[in-house]
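First up is the structure itself, then whatever we jot down about it.
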Amino acid sequence: MRATATASAPAGVGNIGVGFDLLGHAITGLSDRATVRRIDAREVRVVAVRGAGDVSAIPYDTERNTAGRGVRALHEGLALPFGFEIELDKGIPIGAGLGGSAASCVAALIAANALLDAPLTREGLYRFAMEGEYASSRSHQGDNVGPMLIGGVALATATRLMPLHAPTWLHAVVVHPDQVLETKRSREVLVEPFPLSTVVAHGARLAQFLLGLERGDVDLIRDGLQDVLVEPRRAPLVPGFTQVKAAAMAHGALGSSLSGAGPSVFAWFASEADARLAAPAMQQAFADAGFASRAYVSPVAGPRAEVVD
């Protein structure tokens with residue numbers, strides 16, 4: 001039995017606009033890594049956190065660290081007779097709306113799973129990943145950890161993780177501005193009740209979107225990919241969002257919204273060529289609002305987390 005494993009987990013787009021706390025997809029271009037070691041002590045420790053940016057705010061306490069909490073839940077849930085030490089290498093910016101906290105958790109779980117005498121399935125790891133995500137969001141949702149575990153587009157409920165069909169021609173542009181938006185603040189604006197008419201309209205969009213994915217129907221995807229529920233309340237928290245979305249739509253986007261809690265903005269396109277043409281325009285819109293940014297173009301059916309050593 002190996003004593004050490006390293007795994008990488010991709011960034012992702014949570015919510016996909018219309019699927020708040022329910023849908024997500026993985027993307028290429030950014031990832032977190034976790035190195036996990038088996039130790040004799042029956043405990044879980046986070047012993048190092050590294051990254052190109054400022055990682056000083058990331059806690060080592062396993063109660064508040066997503067990777068530590070997720071692996072601790074695995075350790076306790078399986079009553080393991082050994083423990084783990086975790087080292088994290090952050091490649092995904094903090095507070096970007098790109099699933100960085102979830103990626104650390106999933107990478108650590110995939111690495112720890114590789115060290116088990118009887119490894120679990122990806123679906124078997126899901127409940128532990130949601131427990132890890134709770135350390136960051138204070139809620140048990142799987143829209144980020146789910147697609148990172150299985151790749152592509154995922155429907156992630158409280159009890160089930162299900163892959164969804166994503167046509168190969170679908171591509172996403174995700175633009176990350178030099179802004180930080182805490183998930184806690186983004187969730188605070190959703191506390192007030194929503195009118196029933198808005199909830200009904202949201203349900204109609206979601207149904208069309210899911211059917212559009214299943215059928216590979218570009219018109220259904222376009223009609224469904226409109227967030228009438230969450231985006232209107234969160235958009236004012238991201239300077240430049242309206243202009244970036246407008247730039248995406250002017251370049252043929254099927255839809256555009258906030259990635260996760262923001263401030264990153266994503267847009268879906270019917271081809272890679274359309275996505276690559278739109279990316280500079282979306283960046284320019286952020287620049288006009290006073291923010292430098294980085295753009296990532298990825299198939300919507302992005303990769304899953306994997307052991308890399």
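Each row is one residue, and each column tells you yes or no for (1) touching a residue at least 12 places away in the same chain (Cβ under 8 Å); (2) open to solvent by 40 Å² or more (accessible area, probe 1.4 Å); (3) polar (S, T, N, Q).
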| residue | (1), (2), (3) |
| --- | --- |
| LEU229 | yes, no, no |
| LEU258 | yes, no, no |
| GLY262 | yes, no, no |
| ALA278 | yes, no, no |
| GLN284 | yes, yes, yes |
| PHE291 | yes, yes, no |
| PRO299 | yes, yes, no |
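Only one of (1) modelled with pLDDT of 95 or more; (2) under 29 Å from GLY240 (Cβ atoms); (3) among the polar types (S, T, N, Q) is not met by THR168, so which one is it?
All conditions pass for THR168, except number (2).
A quick yes/no check of all residues on (1) out of contact with any Leu (no Cβ under 7 Å at 6 or more places or on another chain); (2) over 17 Å from VAL300 (Cβ atoms); (3) not assigned by the TED database to the domain that holds PHE269:
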position: PHE20; (1), (2), (3): no, yes, yes
position: LEU23; (1), (2), (3): no, no, yes
position: GLY29; (1), (2), (3): yes, no, yes
position: ARG37; (1), (2), (3): yes, yes, yes
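Output the residue which, of all residues in region 30-49 that are among the charged types (D, E, K, R) and part of a loop (DSSP other than H, G, I, E, B), is most open to solvent (accessible area, probe 1.4 Å).
ARG42
Kindly provide the set of residues from region 179-198 that are within 30 Å of ASP54 (Cβ to Cβ) and not hydroxyl-bearing (Ser, Thr, Tyr), ordered by number.
Selection gives GLN179, VAL180, LEU181, GLU182, LYS184, ARG185, ARG187, GLU188, VAL189, LEU190, VAL191.
Could you look through region 75-109, keep only residues that are among the hydrophobic types (A, V, I, L, M, F, W, C) and open to solvent by 10 Å² or more (accessible area, probe 1.4 Å), and pick out the one that is nearest to the chain's Cα centre (by Cα)?
ILE94
How many of the residues in region 243-292 are in a loop (DSSP other than H, G, I, E, B), of a type in the set (S, T, N, Q) and more than 25 Å from GLY216 (Cβ to Cβ)?
Residues flagged as in a loop (DSSP other than H, G, I, E, B), of a type in the set (S, T, N, Q) and more than 25 Å from GLY216 (Cβ to Cβ) within region 243-292 amount to 1.
If ILE27 satisfies every condition in (1) in contact with a Pro (Cβ under 7 Å, 6 or more places away or on another chain); (2) open to solvent by 20 Å² or more (accessible area, probe 1.4 Å); (3) β-branched (Val, Ile, Thr) but one, which is the exception?
Condition (2) is where ILE27 drops out.
For the condition open to solvent by 40 Å² or more (accessible area, probe 1.4 Å) and touching a helix residue (DSSP H, G or I) at 6+ places or on another chain (Cβ under 9 Å), what is the one hit in ARG64, ARG69?
None of the other options fit; the residue is ARG64.
Can you name the condition, by its number, that LEU80 falls short on among (1) in a loop (DSSP other than H, G, I, E, B); (2) farther than 30 Å from SER256 by Cα; (3) in contact with a Leu (Cβ under 7 Å, 6 or more places away or on another chain)?
Against the list (1) in a loop (DSSP other than H, G, I, E, B); (2) farther than 30 Å from SER256 by Cα; (3) in contact with a Leu (Cβ under 7 Å, 6 or more places away or on another chain), LEU80 comes up short only on (3).
In region 6-24, which residues are in a strand (DSSP E or B) and surrounded by 24 or more Cβ atoms within 10 Å (Cβ to Cβ)?
Scanning region 6-24 gives ALA7, ALA9, PRO10, ALA11, GLY12, VAL13, GLY14, LEU23, GLY24.
Evaluate the following for ALA248: is it modelled with pLDDT under 95, surrounded by 15 or more Cβ atoms within 10 Å (Cβ to Cβ) and either hydrophobic (A, V, I, L, M, F, W, C) or more than 22 Å from the chain's Cα centre (by Cα) (or both)?
Criteria not met by ALA248.
Return a yes/no flag: does region 50-60 have any residue that is polar (S, T, N, Q), assigned to a loop (DSSP other than H, G, I, E, B), free of Cβ contacts under 8 Å to residues at least 12 places away in the same chain and in the same structural domain as VAL153 (by the TED database).
The answer is yes, given that some residue of region 50-60 is polar (S, T, N, Q), assigned to a loop (DSSP other than H, G, I, E, B), free of Cβ contacts under 8 Å to residues at least 12 places away in the same chain and in the same structural domain as VAL153 (by the TED database).
The values are calculated or read from the model by the stated rules, or taken from the named source; none is laboratory data. This is a predicted model, so every value here is computed, not measured. Backbone-built Cβ (ideal geometry, glycine too); neighbour counts: all protein chains shown. Surface areas here come from the heavy atoms of the whole protein model, side chains and all, with no ligands, DNA or RNA. Shrake-Rupley method; radii C 1.70, N 1.55, O 1.52, S 1.80 Å.
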